Structures are given as C-alpha cells and as structure tokens.
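Here the structure is laid out as structure tokens; the discussion comes afterwards.
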Amino acid sequence: MGFFSFFSKEKKETLDKGLSKTKESVFSKIARAVAGKSKVDDEVLDNLEEVLITSDVGVETTLNIIKRIEKRAAADKYVNTQELNLILRDEIAALLTENNSNDVADFDVPITRKPYVIMVVGVNGVGKTTTIGKLAYQFKKAGKSVYLGAADTFRAAAVEQLMIWGERVGVPVVKQKMGADPASVAYDTLSSAVANNADVVIIDTAGRLHNKVGLMNELTKIKNVMKKVVPNAPDEVLLVLDGSTGQNAFEQAKQFTLATEVTAMAITKLDGTAKGGVVIGISDQFKIPVKYIGLGEGMEDLQVFRKNEFVDSLFGENA
C-alpha cells in the first residue's frame, strides 16, 4: 500500500470536490469536441487541443499531450471517442510522473536535518501566508515542533496575519517592527528555532515582483544570513501560486524561478476555479515538483500533491 494508504476517504472527497469545477468544465468541453464523432481523427484532436489550452494546461504542454495521443492512435490504428478520456488520463498521469520527483509521504520532513528550513516565496494575494499557517498546522499535527518567521516586513497585514495563524495553530512566530530587515528576522527565527531544538522553520518573505533584481537580491541576502545559523538553509524554497489565475500563475512561476532557486511549488485556490489544468502545465513546463495543492479554506484543505490521485479525481468516473 505504501503512503497511498494514508490517503483517506475524507481527503479523496476533498480532492474530488476541490477539482469538481475543473472536471465539469473539461468534460463538457471534451463532450462538445467529440460530438457526432466515432473515432479520434484530426478534427477531434484539433478540438481537444483547444479544450486543453482553454483549460489553462498551457500551449507547450497541450502540444505534448496531443503528440502523445496521436502516437497512441497511430499505434492502435483505431481509437474510438469513448476511449479518449481514458487515454487522456493515462497520458497526463505519465507526463506528471516524468516531470516530477516522487510523491512525498504526507506532511513530513527528513529527520536527518534539524531544523528543516522552508523559505516561502510568492506574490501578495496568492494565499502565501494562509499556506504557511496550514503547513504549520499539518507539521504540528504530525508531531513536529514548528517556528514561523514573519520576514515579509513591508506589509503590516502580512505580519498580523502570520501572528493570527501562529496563535490559531499554537506555534511561535518571530517578528520585528515594520520595515525591519527581512534577513534579520530570518536570522532571529533560525536562532530561536535552534536554541529550542525545533524540527521545522517556515520563513515568510515579501512578494513584490515589480523589481526582479531587488527581489533576487533580497532573497539571496535572506539565504546567506540563514546559512550563518544553519549552514544548509534553506532546505526548500517553496513557491506559492494561485491556481485560479490560470496563465498569470505561469508568468509568476517564470519570474520567481529566474529570481531564485525554487525547489517546490504549492498551487492554491483550486476549489474556486475551473483552471485546475494549470497544475499539469506548470508541473510540465518548469520541471519543479508541485508538492502541495490548496482545495479550500479549512485547515485540512491543504493536501500533499499525489499525481495519481489528482488525475483520478480529474478524470475518475468520466474515464
């Protein structure tokens, strides 16, 4: 069974519900694409291409998927339209498997590195601070001691929001005054975490993209200062993207991957949108693991991203 045994019925229901708008949108479009057709021909593939692009899968990834289906259709000589959903599911699952690292076994961190330091990046409004709060909740629930660092010192609201999450979850938050040096906050957070033998440290950072050079310099400075306390820090740079923004999320991913070395992604707000296809495209285009997905407002609605479960929820009963 491995870690899939941890995927409870409740989590599957949350995932199904969270992806329902995307699923309904994609399948209603596919139904129109194959209407009146018995076999997958060039016209069906052209229509399917349009379906995937308008579902925010992205142009390059869409062309990759279409190429795979063409190859499959050529090998099988004849593919009927009833089989199309199943083939689409198979090829998207294969694409995600090729382009990502292995699924992680729930909310866990390597015990060999302590504290495990996660630096969180992303523009304002994508659900960055909320994601940090939910991560802290999940790590604490898994028996880990967690410290949060409020290094987004340019927005009072960001610090206040993190403080509220800290109180709600019951984990300490290290902060300084407004406008303080973000690297100094990160330094203090790691120092406190080390002194108190904490397992996990999550550092919030400012999400301004108007000046990429400034952002790059700031994130580099935070990393360098953290290394003075924990030589390998950060262990992870987590980019948070808002799935409901579709193609805009691609652009943000592009900017942040140029500004710093992103090692993992969290894609939020998938429950309120029909743009869930963005997860497939971003995973394929950036070759960076999508580690978490946000499916609602509740504490439990941040899930570890599991490729097969995701594809099953997207294509499940329709395939």
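The values are calculated or read from the model by the stated rules, or taken from the named source; none is laboratory data. In this text the structure is predicted, and so the values were computed from the model without any measurement. Positions of Cβ are backbone-derived with ideal geometry, glycine not excepted, and every protein chain shown enters the neighbour counts. Ligands, DNA and RNA are excluded from the accessible area calculation, which covers all protein heavy atoms including side chains. Shrake-Rupley method; radii C 1.70, N 1.55, O 1.52, S 1.80 Å.
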Anything in the range 307-319 that is at pLDDT 85 or above and open to solvent by less than 10 Å² (accessible area, probe 1.4 Å)? List them, or say none. Phe310, Val311, Ser313
For Ala259, all conditions in the list (1) open to solvent by 10 Å² or more (accessible area, probe 1.4 Å); (2) touching a Lys or Arg at 6+ places or on another chain (Cβ under 7 Å); (3) of a type outside the set (S, T, N, Q) hold save one; what is the number of the exception? (1)
Working only within the range 240-256, note down all residues that are within 16 Å of Thr62 (Cβ to Cβ) and either open to solvent by 20 Å² or more (accessible area, probe 1.4 Å) or among the polar types (S, T, N, Q) (or both). Gln247, Phe250
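For Asp16, are the conditions met, namely being modelled with pLDDT of 85 or more and open to solvent by 40 Å² or more (accessible area, probe 1.4 Å)?
Details: modelled with pLDDT of 85 or more: yes; open to solvent by 40 Å² or more (accessible area, probe 1.4 Å): yes.
Considered against the rule, which asks whether it is modelled with pLDDT of 85 or more and open to solvent by 40 Å² or more (accessible area, probe 1.4 Å), Asp16 comes out as yes.
Only one of Val173, Val109, Val159 is of a type in the set (Val, Ile, Thr), in contact (Cβ under 8 Å) with a residue 40 or more places away in the chain and surrounded by 15 or more Cβ atoms within 10 Å (Cβ to Cβ); which? So that I can check it myself, show each step before the final result.
Working: Val173 fails: in contact (Cβ under 8 Å) with a residue 40 or more places away in the chain; Val159 fails: in contact (Cβ under 8 Å) with a residue 40 or more places away in the chain.
Going through Val173, Val109, Val159 in turn, the sole match is Val109.
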Quick test for you: out of Ala136, Ala183, pick the one residue that is in a helix (DSSP H, G or I), in contact (Cβ under 8 Å) with a residue 40 or more places away in the chain and farther than 19 Å from Arg208 by Cα. Ala136
Just checking, does the range 274-285 include any residue being open to solvent by 10 Å² or more (accessible area, probe 1.4 Å) and closer than 20 Å to Lys21 by Cα? yes
So Glu167 clears everything in (1) open to solvent by less than 40 Å² (accessible area, probe 1.4 Å); (2) acidic (Asp, Glu); (3) over 23 Å from the mean Cα position of the chain (by Cα) except one condition, right? Which one? (1)
Picking from Ala259, Ala249, the residue that is small (Gly, Ala, Ser) and either at pLDDT below 90 or more than 29 Å from Val169 (Cα to Cα) (or both) would be Ala259
Which numbered condition Leu270 fails, given (1) over 30 Å from Val194 (Cβ atoms); (2) open to solvent by 10 Å² or more (accessible area, probe 1.4 Å): (2)
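Rundown of residues vs (1) open to solvent by 10 Å² or more (accessible area, probe 1.4 Å); (2) without any contact (Cβ under 8 Å) to a residue 12 or more places away in the chain, yes/no style:
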| site | (1), (2) |
| --- | --- |
| Met163 | yes, no |
| Ser191 | yes, no |
| Val194 | yes, no |
| Asn217 | yes, yes |
| Asn224 | yes, no |
| Lys227 | yes, yes |
| Leu238 | no, no |
The range 120-156, residues that are within 18 Å of Leu219 (Cα to Cα), more than 14 Å from the chain's Cα centre (by Cα), open to solvent by less than 10 Å² (accessible area, probe 1.4 Å) and among the hydrophobic types (A, V, I, L, M, F, W, C): Leu148, Ala150, Ala151
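For residues that are touching a residue at least 40 places away in the same chain (Cβ under 8 Å) and in a helix (DSSP H, G or I), tally how many sit in the range 72-82.
Taking the range 72-82 first, the residues touching a residue at least 40 places away in the same chain (Cβ under 8 Å) are 79-81.
Those left that are additionally in a helix (DSSP H, G or I): 81.
Number satisfying all stated conditions: 1.
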Does the range 32-71 hold any residues that are open to solvent by 70 Å² or more (accessible area, probe 1.4 Å) and assigned to a helix (DSSP H, G or I), and which are they? Arg32, Asp42, Glu43, Asp46, Glu50, Thr54, Val59, Glu60, Leu63, Lys67, Glu70, Lys71
